[in-house]
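What follows is a single structure, written as structure tokens, with notes after it.
FYI, it's all coordinate maths here, none of it is from the lab. Here the structure is a predicted model, which is why all the values come from computation and not from measurement. In this analysis, Cβ positions are derived from the backbone assuming ideal geometry, glycine residues included, and neighbour counts consider all displayed protein chains.
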């Protein structure tokens, strides 16, 4: 299990200050989306927008808890396949 998977499960959508927390592009499946989400959680919207573009996703206006559920479902499906 990669460190990114552990971090994704441990995050549970909660904010942790201090950088991107091991979610650089390619660290985990869907890593760029996770990276964008975490910047959004931390309130760094300019960086979140940058990473949403890299993830080929529109900048999210969805409530954070709903985006977290969608994100973890997509990552879990990719991991299983």
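Some notes on this structure:
- Simple spin-label estimate for residue 70 and residue 54 in nanometres, 7 Å along Cα-Cβ: 2.0
- Along its three principal directions, the equivalent ellipsoid of segment 27-81 from the Cα gyration tensor extends over semi-axes of 18, 12, 9 Å, largest first.
- Ordering of 62-70, 50-58 by burial proxy (mean other Cβ atoms within 10 Å per residue, highest first): 50-58, 62-70
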